[in-house]
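Reviewing the structure listed below.
The values are calculated or read from the model by the stated rules, or taken from the named source; none is laboratory data. Since the model is a prediction, treat every value here as computed from it, not as a measurement. Cβ atoms come from the backbone with ideal geometry, glycine included; neighbour counts cover every protein chain shown.
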C-alpha cells in the first residue's frame, strides 16, 4: 500500500500490509494506550520520562513502517509533536485496513488538530 507523508518525501512510501506489520501496529497501539494511562496516573519526573518514551516510540514506529533514511528521520524529529502523532495514527489506520475516507472521518471526530496528516483527498 502507498502511504503519503509529504513532510518526509514527495513520493509515497510503499508499506506491506503484512501480518508482521499488522502485529507491529497492534503492539504500537497497545504501547501508546499504556503510555496514556501512565501519564495520567503519575506525576512529576515519571510523566516526563513517559512522554519522552512515547515520542521515541512514535518516531521508531514511523521509521520502522516507512523505512526512513537518516535524513527523513531527522526531518521527522524536526516536526511538531502533533504532526508526528498524526502521521503515526495515519500509518496505523492504513495498515489496519482503513481507507483514506474512513481515516479522515475517524480523525475528524478527535479534538486534536489533524495538521500534518496528509491524505490523497488533501492534494
**Request:** Would you mention how many residues in region 3-33 are farther than 19 Å from residue 83 by Cα and surrounded by fewer than 14 Cβ atoms within 10 Å (Cβ to Cβ)?
**Result:** 10
**Item:** Failed item in (1) within 14 Å of the chain's Cα centre (by Cα); (2) surrounded by 12 or more Cβ atoms within 10 Å (Cβ to Cβ); (3) modelled with pLDDT of 95 or more, with residue 93 passing the rest
**Value:** (3)
**Request:** Working only within region 73-105, note down all residues that are under 18 Å from residue 15 (Cβ atoms) and assigned to a loop (DSSP other than H, G, I, E, B).
**Result:** 96, 97, 98, 99
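Look at residue 25 and say whether it is touching a residue at least 40 places away in the same chain (Cβ under 8 Å), farther than 23 Å from residue 108 by Cα and touching a helix residue (DSSP H, G or I) at 6+ places or on another chain (Cβ under 7 Å).
Values: touching a residue at least 40 places away in the same chain (Cβ under 8 Å): yes; farther than 23 Å from residue 108 by Cα: no; touching a helix residue (DSSP H, G or I) at 6+ places or on another chain (Cβ under 7 Å): yes.
So residue 25 does not fit the description; no.
Go through region 12-71 and count every residue that is in contact with a strand residue (DSSP E or B) (Cβ under 8 Å, 6 or more places away or on another chain) and outside any loop (DSSP other than H, G, I, E, B).
4
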